[in-house]
Structure formats: structure tokens, C-alpha cells
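**Student:** Quick one: the structure is below, questions incoming.
The values are calculated or read from the model by the stated rules, or taken from the named source; none is laboratory data. Please read all numbers here as calculations on a predicted model, not as lab measurements. Cβ coordinates were reconstructed from backbone atoms using ideal geometry, including for glycine residues, and neighbour counts include every protein chain displayed. Accessible surface is based on the protein model in full, side chains and every heavy atom, while ligands, DNA and RNA are left aside. Shrake-Rupley method; radii C 1.70, N 1.55, O 1.52, S 1.80 Å.
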Amino acid sequence: MPPEKPGTTRRTVIKGLAFGAAACAVGPTAAGAEPAPTRRLRRVGAEAAGIEPTAVLAFIEAVERSVGGLHGFMLLRHGQVAAEGWWDPYAPAYPHMLFSLSKSFTSTAVGLAVAEGRLTVDDPVLAFFPAEAPAERSEHLRAMRVRHLLSMSTGHEKDATGSTVSAPDGDWARSFLALPVEREPGSLFVYNSAATYMLSAIVQRVTGQSVLAYLTPRLFAPLGVAGATWESCPRGVNTGGWGLSITTEAIARFGQLYLQRGRWEGKQLVPESWIEEATAKHIANGTGDASDWTQGYGYQFWRCRHGGYRGDGAFGQYCVVMPAQDAVLAITSGVADMQAVLNATWDHLLPAMRPGRVSDPRGASALKARLASLSVAAPDGARTSATAADVSGATYRFDANEEKIEGVTLTFEDGRSRVTLRDARGDHAVEAPHGSWAKATATDAPGEPPTRVAARGAWSGGDTYTLTVCFLETPFVETTRFAFAGDRLTMTRRTNVGFGPTERPTLVGYRA
């Protein structure tokens, strides 16, 4: 399994928008420049790309068996789209939280700044933060270089992120530099999202721009990527190690750029030397041939089995580059077992990539039908129930609870529900039909950005109504069950993935 992605626990907190939403600890910033005209990725299909269609089917089935579904994927071969699909209600246009896949983009910003002569990887970290440096500077802190931040080998014996981001004054750089550095930098690998934050802070120091603003004209716009957003710390520095949101296709384009060694549509966007350096193994991170988290670490890229490399983020955000096969796999998802997805890639996709075109019309037809029918698992059950008329419009009050949920009202009409949850911030409503996903935007609290959601419901028993809500720009899917018994309502909730418990506290309410 991959290491815990530190920092992302502060990026996403499940709390009460309808029945749980991904809420930002600090607001995202958006890219301002429009993307340059760029050619649409050519769609050729698996056969023309030299990939057996039945292998793509097997990959999808293996993932669904082992971890549930993905949210979206795009498989490129020879720079062309061999297969792509999104699990309804997710869609190609929706950006998705990348979590630690953001790190590979921060690394790219560092590489571009190096190419422009603004810094080197051998510069001391302290050189960029004279005002934030502690009065007492240990030998190990003075020895820490930019390349140690890049390779997660800062000399800290444990992840520094929690201590860094909890700085009372919001000065994360000062907090990072004040931590003890127990070991010689470069001597051991410790996954450390705070190190990536420091890279983001360094880029902002030497360019005068956030990483997002710096990358927009140099990377995102030439790749045709619009609408990128990135979280910032309280001092206005992009978080670096997490917080970037872009679409699945944007991830695929980024991977294809790296596969093409930094060249895109006739222009060298990223120096080839940086591509080679960033994706090479710089430090060992474990032993064993069965895990893709023990193959070595580069500059914010993981080495993979089978000669590939990748950026990845919590709950299944992947940019997998397979140079020997001339292929890229981009995935957005909400899965608990990230290794299982990579296992399915190596077991099914890798051996099915051929030197030339393959011919399997029946397999291609089956794959096309499967890709068109992808969907997140929805609640099973009936359109309505005898209980619906009795409880419709009634409000159920909860005793005081740690989530500060005061009550809930469910209204049922024409095979649809409207569920309104009340907490200290006000009412949060979601509508859900039976048999299809209803998409909407909702706001968690005044002043916060709207969240795209999709909901669907069903009576899973005569007295039990089940509601599923997908938060479409996040990995999170929440399922809530309302069990009615006379004047009593029992509400149970769970999320598909989480950094802590995925089962929420059971609440019992009574009809007002």
C-alpha cells in the first residue's frame, strides 16, 4: 500500500453539505490564462492502438471486482486515445481532486524554474527563507538542498506535514524550518508533503508567482488545459503537495508530455533533461517486487514495476507512464486499494499491447458497449413504499451530537425525494430521483464555492430509504440510510473512502 498522503487530511474534511461534502480548509485559486489552441487528442480505439479490446474489458472488470469502480480513465497509446470511460454520474468535463498527484506538477514547476536559471537543485533550502530561518540552524538543516525536498529525503525521521500546516500564525515555511532534522539529508526516504509545499514556496519566491500562475502559460495553456485550481496556504502559497484539481484528460495530456520527453506539438515545453532527471530513481524507498511503492522515488515521481513511472494521489488518482509500451494511463477515482488498480494494469493492459494493429471486432463491440454503460453503483430498491406517504414532509429532530446536525426532513413525490438536513449553518437540501442521477450544485456554507453533486435514491426495504450522493469533483461518494419505525428515524451514513473512519456516527431522531 502507498504511504498515507500527509496534508490531504487537511485538504478534505467530510462535513455537512447534504450528507457530507468535501470542504476546503483554505480556498483554491484558479488559473487565469486561456489555453492555447491545441489539437484534440485523436480517438482511434483499442484495435488501431495495438491493444486487445478484451484486455481493456478485463482491466475494468478486475478493478470493479477488487475496489469498486473508477470515476474516469483514459488510456493513450502512441499519443492517441485507445480507450476512455467515465462512470455515470462522473463526466469528462468535471475537474477532480488530485491529492498527491499534484506533487508531479510542482516538480515540473521547479524544473522550469531551473531551466530559466532561477535556482538549482543544489541550492540550500535556507537560502530562500532568510527571514523564516530559525536562529539556531543545525548542521543537517544547513545541509538540506532543493534536491532533498524533491526526493523526499530531507532528513526528517517522520512526515513534517502535520506540524508544518498547524502553525498558529499560518507561516508554514517558518514552521517547517523550525522542526528538528534528525538525519543527514539524502540518507533516507520519508514521504513528506510539507517538503513539496516548500518547493512551491521556493518557486513563488524566485518567480513572484504562485506555482499555478507560473505553470499556466508554460504548461497548462500550451497543453490545452483550462480551469485548473490549486489550494493555497494562509500566506497565499499554493500547497504544492496536494490541492490541484484538473480533468482526467488534463492528467493524460500531462503524462503524454512526459512520455514525449517534454515536447508538445513541435515545442519543447519542459527540458528533456528535466524529464529524465525527475523520473529517475534518486532514493530507495523499500524492498520487494510485489509493490509499486518500493521501486524507488524520483523528483516527486514514483518508479513503477515493469520500467514505468507515475504520479499518484490518495484514493486512486494516477498518471502512469509506460515508456516501453509508448502508453499513458490517466485515472481519477475513489478507491481504498491503490495497488489493486496497478495490479490490474500490469496483469491485463500491459501484456495486451502489441507492436501493430490488432483485429477483434467482437471484442471492440463489447468494449464499446461496456464503456457506454459505466456507472457508479446505485442503491437498489423500489421507486416508492407505503411508508413514503406517512413520513413525507415530517421533520425528525436529533439530540445534540458532535456533528451538530439538528434535524432532517424527507419529502417524497412522484418517485423523487427531497432530503433537507439542518445544522448550525442552515438547511442543506438534495433532490434524488429513482432510476437516474440528478445533478446539481450545492453550497456548504455562505461564502464557500459551490460543489457539484449528483444524487440517486431508492426504497431498499419497506421502511428504509437509501440515498447515494456523489461529490463529482472529489473521490467521495456518501450513502445514507433512513430507517423508519413509528415516530423514530435511525440515520446511518458511510463514505466510500476516507483518511479516517468511513462509517459516520449513527443518529437517532424523533418526529417533531
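**Student:** Among all residue pairs at least 6 apart or on different chains, which show Cβ distances below 9 Å where the first residue, located in the range 338-352, is of a type in the set (Asp, Glu) and the second is modelled with pLDDT of 95 or more and open to solvent by 10 Å² or more (accessible area, probe 1.4 Å)?
**Tutor:** These pairs meet every condition: 347/58; 347/62.
**Student:** With under 21 Å from residue 195 (Cα atoms) and surrounded by fewer than 23 Cβ atoms within 10 Å (Cβ to Cβ) as the only criterion, which of 313, 288, 296 stands out? Let's see the steps before the verdict.
**Tutor:** Numbers: 313 fails: surrounded by fewer than 23 Cβ atoms within 10 Å (Cβ to Cβ); 288 fails: under 21 Å from residue 195 (Cα atoms).
Sole residue among the options that is under 21 Å from residue 195 (Cα atoms) and surrounded by fewer than 23 Cβ atoms within 10 Å (Cβ to Cβ): 296.
**Student:** Just to be sure I understand, how many residues within the range 462-486 are within 29 Å of residue 99 (Cα to Cα) and among the hydrophobic types (A, V, I, L, M, F, W, C)?
**Tutor:** 7
**Student:** Here is a list: 457, 462. Which entry is touching a helix residue (DSSP H, G or I) at 6+ places or on another chain (Cβ under 9 Å) and touching a residue at least 40 places away in the same chain (Cβ under 8 Å)?
**Tutor:** Working: 457 fails: touching a helix residue (DSSP H, G or I) at 6+ places or on another chain (Cβ under 9 Å).
Being touching a helix residue (DSSP H, G or I) at 6+ places or on another chain (Cβ under 9 Å) and touching a residue at least 40 places away in the same chain (Cβ under 8 Å) holds for just one of 457, 462, which is 462.
**Student:** So if I check each of 218, 263, 253, which one is surrounded by fewer than 22 Cβ atoms within 10 Å (Cβ to Cβ), within 24 Å of the chain's Cα centre (by Cα) and at pLDDT 95 or above? Talk me through it step by step, then tell me what you get.
**Tutor:** Working: 263 fails: within 24 Å of the chain's Cα centre (by Cα); 253 fails: surrounded by fewer than 22 Cβ atoms within 10 Å (Cβ to Cβ).
Exactly one of 218, 263, 253 is surrounded by fewer than 22 Cβ atoms within 10 Å (Cβ to Cβ), within 24 Å of the chain's Cα centre (by Cα) and at pLDDT 95 or above, namely 218.
**Student:** Right, here's the next one. Before we move on, is residue 74 open to solvent by less than 10 Å² (accessible area, probe 1.4 Å) and assigned to a loop (DSSP other than H, G, I, E, B)?
**Tutor:** Details: open to solvent by less than 10 Å² (accessible area, probe 1.4 Å): yes; assigned to a loop (DSSP other than H, G, I, E, B): no.
Judged against the criteria, residue 74 is not a match.
**Student:** Does residue 427 satisfy the condition of being of a type in the set (Asp, Glu), on the phi > 0 side of the Ramachandran plot and either within 29 Å of the chain's Cα centre (by Cα) or open to solvent by 50 Å² or more (accessible area, probe 1.4 Å) (or both)?
**Tutor:** On the way: of a type in the set (Asp, Glu): yes; on the phi > 0 side of the Ramachandran plot: no; either within 29 Å of the chain's Cα centre (by Cα) or open to solvent by 50 Å² or more (accessible area, probe 1.4 Å) (or both): yes.
No.
**Student:** Same structure, new question: Here's a check for you: in the range 240-280, which residue that is in contact with a Leu (Cβ under 6 Å, 6 or more places away or on another chain) and assigned to a strand (DSSP E or B) is farthest from residue 194 (Cα to Cα)?
**Tutor:** 264
**Student:** Restricting attention to the range 87-99, and to residues there that are more than 15 Å from the chain's Cα centre (by Cα) and surrounded by 21 or more Cβ atoms within 10 Å (Cβ to Cβ), which single residue is farthest from residue 326 (Cα to Cα)?
**Tutor:** In this case the residue turns out to be 89.
**Student:** Now a separate question. Can you tell me which residue within the range 143-176, out of those that are out of contact with any strand residue (DSSP E or B) (no Cβ under 7 Å at 6 or more places or on another chain) and basic (Lys, Arg), is most open to solvent (accessible area, probe 1.4 Å)?
**Tutor:** 158
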